[in-house]
Amino acid sequence: MPPVSDNTGPTDDLDVLVVGAGITGIYQLYRALEAGFSATLVEAGAGVGGTWFWNRYPGARFDSESYTYAYLFSKELFDEWEWQEHFAEQPETERYINHVVDRFDLRRHMRFGARVSAAEYDEPTGMWNVTLGDGTVLRTRFFIAATGVLSVPFFPAVEGRDDFHGQSLHTGLWPSTPVDFAGKRVAVIGTGSSGVQIIPAIADEVASLTVYQRTANWCTPLNNAPITPDEQRQLRADFEAIRETLNTSVSGFLHTAHDRATFDDSHEERQAFFEKMWNSPGFSKLTSHYTDLLFDPAANAEWCAFIADKIRSIVSDPETAEKLIPTDHRFAEKRPPFVTDYYETYNKPNVSLVDLKQTPIVRMTANGIETAEGVREFDIVVWATGFDFGTGALARMGIRGRGGLALTDYWADGPKTFLGVHTVCLPNLFFPGGPHAAAGNNPRYNGDQVDFVTDTLVYVRDHGYDVIEVSAAAEERWTSMIDRGAALSTSFGESSYFFGTNIPGKPRKYLLNSAGRPKLFKEISRVRENNYDAFELSRASASSR
Ligand code: N01
């Protein structure tokens, strides 16, 4: 496939402005240019990659199989990039994303170091005026925020956080220059997917590593491996079948679904199956598990008991092992992390665990962290404390739509969306990969949304309109379906960023797509079949077209 090239470089008057050079924004830029729109992408960072630009902490890697996370729009691209491992580490992913951008000549359409500080809809013209940090204003017909769901790092309001004199780092804002851990006294706060990746990655290098855990997580092995030459050949031979499966499967993975429920099997059969799951790669522990894992608490408890025994068998100190076993949530109520040598790390003499439920953090001091048990001194504190999930990035862009309505006011009680890409009062604005979208392997459903957004813009253009806005009824239908789905399922827990409850004061609303990918497909088809009648299409009163 040839590179996209229509000779439009960065310009101040655009058909399409994309925000964010992550996996979704890059694909959106590619699709917009391919469809013949003039398009520019602005990115706050100094390079491409989004998540894979900012989260460059040691140990950061995929837990979706590399070739299932990668782009599928070009067979040539798929053929020419040889992933080294089934689950690639951050540097390889960043290299891949840079390769894609250069391969398709996209970089000249991008501006870096360009953070959006305000975006205002101009009703007479139907255009968006988008202000960047340096005061530049870009005028665009369509404004596409591909700003991601996990892109606003969260620092808890710990007293004295700024008083710490050592190095303070967040996994989601990792510096591009190497961090020297050698011989340092290091604290890691947080044991979500980021914390449990960095902990084993630095343990051997540091003088001491103290892990501050508030909630233990159900971690299971990633089971990563290099991709052998035979597997490389097979991947290429199977490209069409792989693409078909990834583009149509419920969660965007290649894993085969299981056909049995937990108690269809005897105790012995179950243990053998659990052992097989424990040794299976990444998310197959969800997607290929017993069919009732997420729906029957007794089934879930059986699997949790199996993991708890594994933890006890790996961690030598029984007291530490018990602290590492979750007691307050079932498997997959929170997003389960997949790990490499995580539990084994606690057997190292320089690694210790502080249970914040027993001894909460009181304050940061100039030299360390004070808990109820006293002060421990550190050279480096790593905040692996997560993100303002789902709505955080959209909320901080200063977006104002029709009638000057601020998005933050419209969403004060939680997001309202249509198909997780658009909301009332913000004509011509779309947010593929935003709240109410996620339902599995990220790039797959974000790609579904980019394809839908692009087709929608083409429809608007080709039918002589220049303003599109979803009807309130269609938005209400989609949003209440998401909320109903979240309330019904037993598999969604209370204490997770899925509901925004990790951010103090954030309204408790489900932020993923509880209806799943098939429902998204169905609704997209319905929109197309009904000639976009879920939307109101018009011409702006001062249209220049
Ligand atoms: O963030 P998290 P993350 N005091 O929110 C703790 C993706 N990802 O960056 O559970 C002490 O999961 C908090 O404790 P608790 C993936 O989707 C993917 O780790 O709230 N601790 C928790 O332990 C993932 O789900 C990969 O009690 C505090 C941790 O900080 C998502 O990103 C790798 C605290 C936050 O965990 C987010 O993961 C990395 C406080 N005041 C990330 N506040 C892959 O493998 C919070 N915590 C692809």
(message) Which count do you get for residues in region 187-206 that are in contact (Cβ under 8 Å) with a residue 40 or more places away in the chain and more than 16 Å from the ligand (Cβ to nearest atom)?
(response) 3
(request) Could you give me the residue pairs with C-beta distances under 7 Å whose first residue belongs to region 150-170 and is on the phi > 0 side of the Ramachandran plot, whose second residue is more than 15 Å from the ligand (Cβ to nearest atom) wherever it lies, and which are 6+ apart or on separate chains? (result) G160/T365
(request) Quick one: in region 207-219, of everything that is more than 12 Å from the ligand (Cβ to nearest atom) and either assigned to a loop (DSSP other than H, G, I, E, B) or of a type in the set (S, T, Y) (or both), which residue is nearest to V382 (Cα to Cα)? (result) T210
(request) Please enumerate the residues belonging to region 29-41 that are over 15 Å from Q449 (Cα atoms) and either in contact with a Gly (Cβ under 9 Å, 6 or more places away or on another chain) or assigned to a helix (DSSP H, G or I) (or both). (result) L33, E34, T40, L41
(request) Scan (1) within 16 Å of the ligand (Cβ to nearest atom); (2) out of contact with any Cys (no Cβ under 7 Å at 6 or more places or on another chain) for the single condition S249 breaks and write down its number. (result) (1)
(message) Which of the numbered conditions does A412 fail, given that it passes all the others? Conditions: (1) at negative phi; (2) in contact with a helix residue (DSSP H, G or I) (Cβ under 9 Å, 6 or more places away or on another chain); (3) assigned to a loop (DSSP other than H, G, I, E, B).
(response) (2)
(message) With surrounded by fewer than 21 Cβ atoms within 10 Å (Cβ to Cβ) and in contact (Cβ under 8 Å) with a residue 24 or more places away in the chain as the only criterion, which of D409, D388 stands out?
(response) D388
(request) Tell me, please, whether a residue that is under 30 Å from E302 (Cα atoms), touching an Asp or Glu at 6+ places or on another chain (Cβ under 7 Å), modelled with pLDDT of 95 or more and not in a loop (DSSP other than H, G, I, E, B) can be found in region 224-240. (result) no
(message) Given the criteria among the basic types (K, R), surrounded by fewer than 23 Cβ atoms within 10 Å (Cβ to Cβ) and not in a loop (DSSP other than H, G, I, E, B), does R95 qualify?
(response) yes
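A quick yes/no check of all residues on (1) of a type in the set (A, V, I, L, M, F, W, C); (2) within 16 Å of the ligand (Cβ to nearest atom); (3) assigned to a helix (DSSP H, G or I); (4) farther than 23 Å from P153 by Cβ:
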position: Y27; (1), (2), (3), (4): no, no, yes, yes
position: A44; (1), (2), (3), (4): yes, no, no, no
position: F53; (1), (2), (3), (4): yes, yes, yes, no
position: P58; (1), (2), (3), (4): no, yes, no, no
position: L72; (1), (2), (3), (4): yes, no, no, yes
(message) If I filter region 302-350 down to residues being of a type in the set (S, T, N, Q) and within 13 Å of the ligand (Cβ to nearest atom), which single residue comes out as modelled with the highest pLDDT?
(response) T340
(request) Exactly one condition in (1) touching an Asp or Glu at 6+ places or on another chain (Cβ under 7 Å); (2) surrounded by fewer than 19 Cβ atoms within 10 Å (Cβ to Cβ) is not met by A114; state its number. (result) (2)
(request) Identify all residues within region 74-91 that are more than 17 Å from the chain's Cα centre (by Cα) and outside any loop (DSSP other than H, G, I, E, B); write none if there are none. (result) K75, E76, L77, F78, D79, E80, E85, P91
(request) Collect the residues in region 241-284 that are assigned to a loop (DSSP other than H, G, I, E, B), small (G, A, S) and within 20 Å of F331 (Cβ to Cβ), keeping them in residue-number order. (result) S251, A257, A261, S280, G282
(message) Go through (1) within 27 Å of the chain's Cα centre (by Cα); (2) within 15 Å of E82 (Cβ to Cβ) for S249 and report which single condition fails.
(response) (2)
(message) Can you tell me how many residues within region 61-92 are crowded, with 20+ Cβ neighbours inside 10 Å and of a type in the set (K, R)?
(response) 1
(message) Every residue in region 356-398 that is more than 15 Å from the ligand (Cβ to nearest atom) and among the aliphatic types (A, V, I, L, M), please.
(response) A366, V375, I380, L394, A395, M397
(request) Any residue in region 102-126 that's hydrophobic (A, V, I, L, M, F, W, C): show its pairings with residues that are surrounded by fewer than 15 Cβ atoms within 10 Å (Cβ to Cβ) and not in a strand (DSSP E or B) at Cβ separation under 6 Å, as long as the two are six or more apart or on different chains. (result) F104/P3; F112/A46
(message) Name the single residue that is farthest from the ligand (Cβ to nearest atom) among those in region 159-186 being part of a loop (DSSP other than H, G, I, E, B) and buried (at least 19 other Cβ atoms within 10 Å of the Cβ).
(response) F181
(message) What's the total number of residues in region 415-468 that are touching a Leu at 6+ places or on another chain (Cβ under 9 Å), farther than 29 Å from I503 by Cβ and outside any loop (DSSP other than H, G, I, E, B)?
(response) 4
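The values are calculated or read from the model by the stated rules, or taken from the named source; none is laboratory data. These numbers come from a predicted model, not from an experiment. Cβ: placed from backbone, ideal geometry, glycine included. Neighbour counts: every protein chain shown.
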